[in-house]
Each structure stands twice: as structure tokens, then as C-alpha cells.
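Input: a single structure, listed below in C-alpha cells.
The values are calculated or read from the model by the stated rules, or taken from the named source; none is laboratory data. Being a predicted model, the structure only gives us computed values, none of them experimental. We place every Cβ from the backbone using ideal geometry, glycine too, and count neighbours over all the protein chains shown. For accessibility, only protein heavy atoms count, side chains too; no ligands or nucleic acids. Shrake-Rupley method; radii C 1.70, N 1.55, O 1.52, S 1.80 Å.
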Amino acid sequence: MYLKNIYLRGFKSFGTKSSLIFEQGISIIVGPNGSGKSNIVDAISWVLGEQSPKSLRSTSMGDVIFKSKNEELAIAEVSLVFDNTDRVLPVEFAEVKFTRRVYIKGGSEYFINSSPCRLTDIQDLIAESGIGKGLYTIISQGQINNVILYKPADRKHIIDEIIGVSRHKIRRDKSRAKLDLVEGDINRVNDLLHEVKRTMDPLAIEAQKSKIFFDLSQEMKNQEVSLFITNINNLNRKWDEENRVSEKNSSEVIETDKKVQIINAQKKEFESMFYEEKDNYNKLEDKNYSFNLLDSQLSNIKSMILNQKTSVETIINMINFAVNDISNAFNNKNIPESENQGVQVAEKKEVEKTIEKIDEILKLIDEFFSNAQEWAKESFLKDVKGFREIITSELCLIKNMFVSVSGSPKDTGNEDIKVAILPENKINIEDRLNRLKEIKGYAQLNIANLNLLLKNSIRLLDVSKKIKNEISSKLNRKKEASNSGQLKLSRYFDELNKLSSRKHFLENEIYRSNLKKEQIKEKVKDLSIKIFDEYNMSVDYIMKNFKPSENVEMCESKVRQLRSELVKYRNINPNAHLEYEKVKERFEFLDNQKNDLNESRKSLEKLIIELNQKIREYFNEKFNEINENFKYYFKILFPLGEGEILLTDIDEAGDDFGIDIKADTGNNKSVSLQLLSGGEKALVSIAYLFSIFAVNSSPFYIFDEIDAALDDANLVRFLTLAKIFALGRQIIMITHQKKTMEAADIIYGFTMQSNGVTKIVSEKIKDNYVQAS
């Protein structure tokens, strides 16, 4: 496995898409300062999970995105492609590409073969491959000089990280942390056991009494529950009986309703016929009443006609009487005519007598009119009034003429006084008499009309009487039918009333049954609530798990006896035995927990001992190999010197010790490491790191200017070591040394363009291949 390709886009100085192709062996990256060589180291560390901007020579993660005066990108992306044909990485791909992408707005994305993933997925995948953070496969600029100056424990930490001992140490440290927790748990359990034991002893005494109380209570519960079931069963039987009665009554109510509907239908049909006949009867009765009224009216008309005829005849008689009297007064032969111009002379006594008769006639007319107002109709009164006014007017005029003729009042002493009747007065009186005769003729004409009306009214009365007799006969028959129908209708109503009374009685019975059922329901509810409150058991549970009492009286007697016995234990804690069982159970649980914790402590202590033994054996095995490698590599770098690494400060645990480096560079010079020159420190550090790398190889190593402090002689020795170390390994070095460039298999040259973008030129030395990108 080795690093095959690096693809960069927008990362630091790589503003354009760039790529580098590597092979096994030594690859050299050269270029002037500031051309972006170290950015390759930062890019590889960044993809493999570096999270510290300071380690990437930045102040924030956003600083890794390319920026220039004229251009600023919004994304940075780097991909590492590894050759995995030897399946070092546990995947089925011959090539594995790790990609990291960051955005200027924030947020990072990771990909494995272009599939999104998490950083932990990448770290888990490369954990066993020898690459990653903390394994010193990437040595940054200036870091090489500090390795030799580390404390002994830090030097040992380098070995632990590279050879894989740290994993076992992490496991051992976790086990120690668990052991501390177990020790704490054991102490707490001991305290709890002490407290529980102190509570459990007094409860044991109370529990014995409580057990007796519990047994008595349990027996009482069984008896009461059996009584409860018996009572419930009795109530259920009553419920079923009431249900049966209620259903029977409900069925009868339904049948009654059906009968009521049938009778109502019959009654309705009969009522329709009955009321139709009754309506005909009422109409016939109204017709009979109308004919009776008409008959009465015809009789009244007949009487009125007779009255009118009599009245008119009276008026005619009065007119005849008046005309005769007045005419006699004028036609008296004893009254001589005067010789003077035909004046007729009459006795004053005769004239006054005529006036008195006229007054009598007027009085009779007034009396007739007054009597006529009591029986005559308005139209007849109007005609009579007309006759009266005409007759009265004419008689008054005649009377006035006689009064003017008679002159002074009557003189009782002179009975033979004569009065003169002038011809013009006589003519006027005769005219008035003729007028009265004309009125008489009109009255006689009315009498003829009244006679005709009277004849017609008598005929109508005869017809009305025949019709009335026929209607009366029909009316009697209708009345008998109506009375019969009314009797039948009454029977319908009586039958409906009986059915209604029966239905009302049945409904009352149903209501009574429902009321009893409600009472039963309430009793069941009260019993259920009581038994639940007393023993916290549902009815379903009781019915499934208990039996009814076989002898109720004996059961009730037993309950009373148990109640009296339970009174003796009323001052004890009834739950003491339960509390004791709980406390005892808790004590046993804690004791078991203590035993489990002791077992866990023993297991952890054993595991820690085994891990320490394994770490010590593995470290000693690798340490001896590393020491041999160090001596070999040190001799290459310092031909006249000798080097060795030693263990220091070993304790009983086997993990609190360090690594001391003994370095004699030759030239009769034996000084401490701090007093070595910069080049010597670099060479000793290289020998130390290479000796560790040789024990647990990584797919690639990246060295950033680790040869900067070396002179030509030391550089030659370093390159000799590098060529030996590069066999079967991949080394990528960043350098300014020409001799180092000569050792390269591939050279990449970096230059910085005017737009701030790094330009890459590569040359493959073996095949003399040059590529610019």
C-alpha cells in the first residue's frame, strides 16, 4: 500500500485544480520559499483528520480556502488516492480515495471513494494501516530538531504510538477507570448493606405478628369475596327475572299498540262514514229549519198582507166616511142657496158638526198609524205614512175652509145662526173631496194587489207544508241512524280506553321492572366498589379466580369471627411481613451485587495484570529490535560514534518509565543531547525515528525539510540512510538541498505565479519523464 495520487482544488495556494502522482521510492518536492511546498504536507494532514488550524499554520479552518487579491474561492477540496492491491485497508477496492471538502460558509464533508461518510469512518479504516495522526509518519518543518529534546516519557510515548502499544494502554486505562468505579460501588454497597441490616432485624419480629394478621386477613378476604360472588349471583338472577318480565310486558305493549292501530284505523274509517252521514243529517236539519223558518215567514207575510188589507180597507172606510159626511153637509136640501150671486147658506151648527167629524177622522187616522208602527214593516209604514199625509192634508184644508165659513165660536144662545158658503169655497171643498176619492181608488187598487199576494202566499204555504212533512220523515230516519252510529263510535272509544289503560298498566310494570333493575345495578355497583376498595380486586378477576359460598350463614358467621380476631392485631403494622420481605430481598440483592462487584474487581485486576504483562512483553520485544535498529542507523550517520537507547525509572506497574538516548558522535566528544549541534540533533532524531519506523512500517513517510540543518558530509550520510530505509517504502521529502534532489526517483518543482497560484512541474528521474501541471 502506498500513496498514489493527490488531487487539490482551492486548498491554500492551489487555486486551480492540481494533482501529484507518486510511486514507491523517494519523491522530492523542491521550490523556492513561499511556493507552497509545505501546503502538500498540510493537505495530507488535513484529509487524514487534522482539526487544529494551528497545526495547519492557519488561524481558522476557513483560511485553508484559496484567496488572492483578485480571486477568492468558496470551497477547498483535497483527495488522497491509495493503492490498496495488498488489501492493507480492510475494503475490497484496489484503490481507495479519501476526500475532505470545506466551504467558506462553514462545514466540512468527508468522502470515501466519493461516498459521503464521517471522519470517524476514515480514522477507523486507517487505524491498523500505520498512518494517521500521532504516528509521526508526517514530520513537519522544524519538528525533527525537537524529538531529541523530548522528555524520556515523551520519547517512550513516540514508541508506544508507532508500535501500537497505546491501544493496549488505552484499554488498560479504561479498565483501571472501571476498577475505580467498582471500588466505589463496593464501598457504597457495603454502606447500604449496613443500613439495610439495621432495619431488617427489628422488622423480623414485626413480620411474625404481621404474618398471622395477614393469614387472618387473607381468610377473611376469601370469605367476603365468596359472599360477594353469592350476592352478585343472586342479584343477577333477580336481574334476569326482571328482564324476562320486562320483555314480556314490552311484547304485550307492542301487541296492544298494534290493536290500537287496528281499532284506530277502523274507528277512523267509521268516523269518516259517520261524520259524513251526520253532516248530511245536519244539512237536512238545516234544511228543515229553513223550511220551518220559510213557513213562519210565509205565515207572517200572510198575516201582514191581511193586516195591510185591513188597514187599507180601514183607510178607504175613513175616506168614505169623511167624503160622505162632507158631501152630506153640502148636499143638505134644507140649506137654501142665497139669491146673491149663488151663495149657499147653511146653519152654523151643521158646519161646526162637520168640523168635529173631520177632527174625529183625523184622530182615527193618527191612532191607526200609531198602531200600525207596532206590527207593520217599514215599507208598509212608508206607504201608510204617505196616505196619512195626503189624507190629513186634504182634510185639514177642508176643515180650514169650514172654520173660515163658521167664523166666531159657537154661540149656544143662538142655535139658528146661518153661515154663508161662497161658491169658490164650495169648489175648493169639492176638489178636495175629489182628491180623496182618487186616493180611495188608489187604495182599492192596492187591495186588489194584496188579494193576489194573499192567494200566492196561501199556495206557497201549502207547498211548504208538503215539503216539510217529507223532510221531517227523512230527518227522523237520519236521526235514528245517527244515534246508532254514535253508539258504535262510543264502543270504539270504550275499547280504545281499555287498551290505553292496559298499556298504561304495562308501562307502569315496565317502569317498575326498570326501577328494580336500577336498584339491582346500584347494589351491584356498591358491592363492587366496596370489594374493590377493600381488596383492590376487579369483579372480572374475582369471578375468574374465586368460588361462591356454599353455605351463606356459615360464611357470614366465619366473617364475624375473623373480624373479632383481627381486632387483637389492630395496633401492629399489617404490612410488616411484606416490608420485611422487601428489605430482605433488598439485602440479598445488595449482597449479590457485592459479590458480583467483587467478581468484577477480580476480573478487572486480572485483566490489568494481563494487559501490563502483555504491554511489557510486547514493548520489550519491540524495544530490543528498535535498539538494534538505532545502533545500526546511528553507526551509518556517525561512523566513528556509538548510540544506544535505554529504559529508565521502571516501577512495579511496568508503565511508569521513559526512554533515554545515549549518543556518542565520535571525535572524542561525549556530551549531553542538549549540547549537540543542530545537525547532530537532527541526525540523532532521524536515527531514533527511523529505528522505530523500521519496526512498524507505514505506507508512506513525509519529511518536510528535515535535512535543512545538515552540512554536505552529514547530508551524504543521511541520504545513504534514506536510500536504505526507502527500500520497500515510500518517502516524500521537501528539500532545498541539491544532493537530496539527486537521490530522488521523482522530482516535483513548485513555483508561485503572479496570481498567487502554485504551479507544479514534475520529473521522473528513472524514465526521464517531465510533466507540468
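Against the condition in contact (Cβ under 8 Å) with a residue 60 or more places away in the chain, open to solvent by 90 Å² or more (accessible area, probe 1.4 Å) and either among the small types (G, A, S) or in a helix (DSSP H, G or I) (or both), how does R586 come out, does it pass? Here the answer is yes, as R586 does meet what is asked.
Filtering region 484-543 down to residues that are small (G, A, S) and in contact with an Asp or Glu (Cβ under 8 Å, 6 or more places away or on another chain), which residue is surrounded by the fewest Cβ atoms within 10 Å (Cβ to Cβ)?
Our first condition is that a residue be small (G, A, S); within region 484-543, this holds for 484-485, 490, 500-501, 513, 528, 538.
Now narrow it down to the ones that are in contact with an Asp or Glu (Cβ under 8 Å, 6 or more places away or on another chain): 485, 513.
On the way: G485: 18, S513: 21.
The extreme case among them is G485.
To keep it simple, each residue is scored yes or no on (1) among the charged types (D, E, K, R); (2) in contact (Cβ under 8 Å) with a residue 24 or more places away in the chain; (3) open to solvent by less than 60 Å² (accessible area, probe 1.4 Å); (4) in a loop (DSSP other than H, G, I, E, B).
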| residue | (1), (2), (3), (4) |
| --- | --- |
| V716 | no, no, no, no |
| G728 | no, yes, no, yes |
| I732 | no, yes, yes, no |
| H736 | no, yes, no, yes |
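The residues of region 192-240 that are open to solvent by less than 20 Å² (accessible area, probe 1.4 Å) and within 30 Å of I510 (Cα to Cα), listed by number, are F228, I229, T230, I232, L235.
Do the conditions hold for K547, that is, is it under 30 Å from F214 (Cα atoms), part of a loop (DSSP other than H, G, I, E, B) and open to solvent by 80 Å² or more (accessible area, probe 1.4 Å)? Criteria met by K547.
Residues checked against (1) touching a residue at least 40 places away in the same chain (Cβ under 8 Å); (2) under 20 Å from S38 (Cα atoms); (3) among the acidic types (D, E):
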| site | (1), (2), (3) |
| --- | --- |
| P53 | no, yes, no |
| N70 | yes, no, no |
| V78 | yes, yes, no |
| V81 | yes, yes, no |
| N84 | yes, no, no |
| E92 | no, no, yes |
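Pairs meeting the criteria (first residue in region 204-231 and in contact (Cβ under 8 Å) with a residue 24 or more places away in the chain, second residue small (G, A, S) and assigned to a helix (DSSP H, G or I), beta carbons under 6 Å, at least 6 apart or on different chains) are E206/A576; A207/A576; S210/A576.
So, of the residues in region 551-569 that are aliphatic (A, V, I, L, M) and loosely packed, with under 13 Cβ neighbours inside 10 Å, which turns out to be farthest from E224 (Cα to Cα)?
Of all residues in region 551-569, those aliphatic (A, V, I, L, M) come to 552, 554, 559, 562, 566-567.
The next check asks that each one be loosely packed, with under 13 Cβ neighbours inside 10 Å; those that pass are 554, 567.
Numbers: M554: 12, V567: 17 Å.
Applying the filter and picking the extreme gives V567.
Within region 701-711, none of the residues are open to solvent by 10 Å² or more (accessible area, probe 1.4 Å), modelled with pLDDT under 85, out of contact with any Cys (no Cβ under 9 Å at 6 or more places or on another chain) and not in a loop (DSSP other than H, G, I, E, B).
Taking the options T99, T120, name whichever one is of a type in the set (V, I, T) and open to solvent by 40 Å² or more (accessible area, probe 1.4 Å).
Numbers: T99 fails: open to solvent by 40 Å² or more (accessible area, probe 1.4 Å).
The conditions single out T120.
Within the span defined as region 155-168, one or more residues are in a helix (DSSP H, G or I) and open to solvent by 70 Å² or more (accessible area, probe 1.4 Å). Residue check, I572 against (1) β-branched (V, I, T); (2) surrounded by fewer than 13 Cβ atoms within 10 Å (Cβ to Cβ); (3) not in a helix (DSSP H, G or I), all met but one. Which one? Among (1) β-branched (V, I, T); (2) surrounded by fewer than 13 Cβ atoms within 10 Å (Cβ to Cβ); (3) not in a helix (DSSP H, G or I), the lone unmet condition for I572 is (2). For region 196-211, the condition of being β-branched (V, I, T) and under 30 Å from N598 (Cα atoms) holds for at least one residue.
Taking F657, is it of a type in the set (F, W, Y), at pLDDT 85 or above and more than 30 Å from D185 (Cβ to Cβ)? Considered against the rule, which asks whether it is of a type in the set (F, W, Y), at pLDDT 85 or above and more than 30 Å from D185 (Cβ to Cβ), F657 comes out as no.
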